[in-house]
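The values are calculated or read from the model by the stated rules, or taken from the named source; none is laboratory data. The model shown is predicted, which means the values in this text are computed figures rather than measured ones. Here the Cβ positions follow ideal geometry from the backbone for every residue, glycine too, while neighbour counts run over all protein chains shown. Ligands, DNA and RNA are excluded from the accessible area calculation, which covers all protein heavy atoms including side chains. Shrake-Rupley method; radii C 1.70, N 1.55, O 1.52, S 1.80 Å.
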Amino acid sequence: MSTYPELVKGGEAEERSLVTVERTAARAVITLSDPTRLNSLTPGMVLQLRSRLAELAEDPDLRAIVITGQDPAFSAGGDLDMIETGSTRIRTPEEPADTTDAWRWIRRQFGGVVRTIASTDKAFIAAINGAAAGVGLAFALACDILIASEQAALGPAFGRLGLVPEVGTSWLMTRRLGYQAALGLYVRGRHLEPDEALRLGIVQEVCPHDELLGNAIAWCERVERLPAHAFAMTKPLLRAAVDAPWEQSLALEEYAEGNCFSTATLADAAAAIKRGAG
């Protein structure tokens, strides 16, 4: 791996637009757009993705964000050229790069993407249109809702490269599958077909390829129909509840629910339901 400053400088020098954003009302669609390389996560693409996410995270009018890839892939994962060069340079005593450069890149750049997805009070929908492997899969798993086209393939390819599950994948997969199933998936190293991913609860929906983006937008619309504060408070509540003891989870719910009573939305909704019942 080049030294961390070299990687950042190289990414900033990328002149192509590798991440596009289409904005419509309260939602946005982010597309990873380097199809000839299967949207692999080069320094240029990662820096552009982080920048676009940071801009969207600060937009108070935005409610939902779709992340997808330009066909034929969602993302093939980490750039293999960067991985190969990095491994060679780190093991060469005369080179200036060392393991802290890999650590900085993984934590600040790859980790920066998933932390933004997890901490932003907007709904993130991963529309997996093709292969999602390695860190590309980790980015998808970090989202709040995952839907897959019938052409999708989910590839936890870390083991084949001699890597551990990274960028939150170990946490996410063990909570979806349990320890044994998650380890079995890592050891096999094979791609999951969409229907199997649905059965395992990794994705919430599988659909025909040409309906993927439309279905992702439908999830955005479901979020937009909710009172803005309700989703913004529910997302961190449910993410925290994954690890919280029952009593702590109950306390978090009680705190959040009490705050909901301060909104006019609740009174209006209760009154509307009463009118409908009458």
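Just a few scattered comments:
- The peptide list 219-232, 177-190, 71-84, put in order of mean Cβ contacts within 10 Å with the highest first, becomes 71-84, 219-232, 177-190.
- The relative contact order of the stretch 6-59 comes to 39 percent, based on Cα pairs under 8 Å that sit 6 or more residues apart.
- Available extension along the chain between residue 255 and residue 170 is 27.6 nm, counting 0.36 nm per residue and deducting the alpha carbon span.
- Estimated vicinal HN-Hα couplings, Hz - the stretch 69-83 in sequence order (Karplus 6.51, -1.76, 1.60; Gly, Pro = x): x, 6, 3, x, 9, 6, 6, 6, x, x, 5, 5, 4, 5, 5
- Once the C-beta distance of residue 263 and residue 115 is scaled by a Förster radius of 30 Å, the resulting FRET efficiency is 0.60 to the nearest 0.05.
- Scaled radius of gyration (Cα, divided by 2.2 N^0.38 Å) that the stretch 74-116 gives: 1.30
- Unit charges at the beta carbon, dipole of the chain: most positive-side option, 70, 10, 155: 155
- The stretch 174-230: proportion of alpha-carbon pairs further apart than 14 angstrom, %: 69
- Evaluated over the stretch 85-208, the Cα radius of gyration and Dmax, each in Å: 15.7, 52
- Set of the stretch 117-138 residues, backbone N closer than 19 Å to the point 7 Å along the Cα-Cβ line of residue 61: 121-123
- Kirkwood hydrodynamic radius of the stretch 145-278, Cα pairs, Å: 18.0
- For the chain, the share of accessible area belonging to carbon and sulfur comes to 56 percent (1.4 Å probe, ligands and nucleic acids excluded).
- Applying the Karplus relation 6.51 cos²θ - 1.76 cosθ + 1.60 with θ = phi - 60° to the stretch 42-59 yields 3J(HN,Hα) values of 6, x, x, 5, 5, 5, 5, 5, 4, 5, 5, 4, 4, 5, 5, 4, 8, 7 Hz, where x marks Gly and Pro.
- Kirkwood hydrodynamic radius of the stretch 1-102, Cα pairs, Å: 14.9
- Straight Cα distances below 18 angstrom link residue 122 to the aspartates and glutamates 22, 55, 58, 59, 61, 144, 221, 224, with same-chain residues fewer than 8 positions distant left out.
- Annotation: amide H-H contacts under 5 Å for residue 151 (H modelled 1.01 Å from N, sequence separation of 5 or more, or interchain): 209.
- Once both labels are positioned 7 Å from their Cα atoms along Cα-to-Cβ, the gap between residue 14 and residue 88 label points is 2.1 nm.
- Dipole in debye (nearest 20) - the chain, about Cα centre, beta carbon charges: Lys, Arg +1; Asp, Glu -1: 400
- A straight Cα-to-Cα reach below 15 Å connects residue 9 with the aspartates and glutamates 101, residues fewer than 8 places away in its own chain not being considered.
- DSSP bridge pairs, the chain: antiparallel proportion in percent, nearest 5: 25
- Based on protein heavy atoms only, the chain ends up with 51 Å² per residue of surface accessible to a 1.4 Å probe.
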